Amino acid sequence: MPGKLWPVFLWLWQCCKRMARHEQQLVYAGVVIVMVAAGLVALISGNSGRSAKMTVEQPAQYEAQTPLTALNQEESPPSQLAVDSKNENIKAEKIQKQANDWPRRPVPGAVKVDYGWQQHPVYKDWRFHTGVDIEAPKGSPVYAVYGGKVITVKKDNSYGLMVMVATGELTVCYGSLGMAAVNPMQGVEAGTLIGTVGEAEGEPYPHLHLALKQNDRYINVNELLDNAR
């Protein structure tokens, strides 16, 4: 860099030489030229050093503030495998919920006494039967038709030991039980053990009395059995 400034120094020296009338003034002019030249050299060198320092330090400072790994994490899209796995879990939960909502047959067996006006098998008179009597061996397990909440476990004069499970606006009644396996206010799922098959005083034969209510009104439970698994 000083070599590039040499023509400038030479020009200043010639100017001072022409203007100087005495030798002392010439010396002063030379000193001034040297000081100005030294100042210019120091200034140029300092700026060059700062530029080089900024060139080296800036990438390091940027890297410290925003690491490459952080940039990759922010810019890269979520893994397709993770998205697919999440969707599959949601789909599986939906299928499981639908399976739990689908009615299950409470106990295997044939219907002995149907829904509606029927002749009583013991007393031989005509009575309105609120549900169906499904024949099954005494002690056979009885499973929940729907999921829901147990609202009643009681002894009924007509239907013996009875468990009532509410699910939405429907209430499923399990009567003529020998034993109840659930308690009031207990939540159950479709397929949960409700109790066992027993008998009732007015119907002394092993069976499950199954009835269905909608908004506290008995409806035909055969529609539920027709769709049960």
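All of the numbers you see were taken from the coordinates with simple rules; none came from a lab. Since the model is a prediction, treat every value here as computed from it, not as a measurement. We place every Cβ from the backbone using ideal geometry, glycine too, and count neighbours over all the protein chains shown.
Among the residues of the range 192-220, how many are under 37 Å from the mean Cα position of the chain (by Cα) and crowded, with 16+ Cβ neighbours inside 10 Å?
The total comes to 5.
How many residues, within the range 124-146, are farther than 13 Å from Glu203 by Cα and of a type in the set (A, V, I, L, M)? Within the range 124-146, residues that are farther than 13 Å from Glu203 by Cα and of a type in the set (A, V, I, L, M) number 4.
I'd like the residue in the range 182-191 that is free of Cβ contacts under 8 Å to residues at least 60 places away in the same chain and at negative phi and, out of all such residues, is surrounded by the fewest Cβ atoms within 10 Å (Cβ to Cβ).
Only one residue fits best here, namely Asn183.
Before we move on, is Lys112 assigned to a strand (DSSP E or B) and without any contact (Cβ under 8 Å) to a residue 12 or more places away in the chain? Judged against the criteria, Lys112 is not a match.
For (1) touching a residue at least 40 places away in the same chain (Cβ under 8 Å); (2) under 31 Å from the mean Cα position of the chain (by Cα), each residue gets a yes or a no:
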position: Pro141; (1), (2): yes, no
position: Leu170; (1), (2): yes, yes
position: Tyr174; (1), (2): yes, no
position: Ala180; (1), (2): no, no
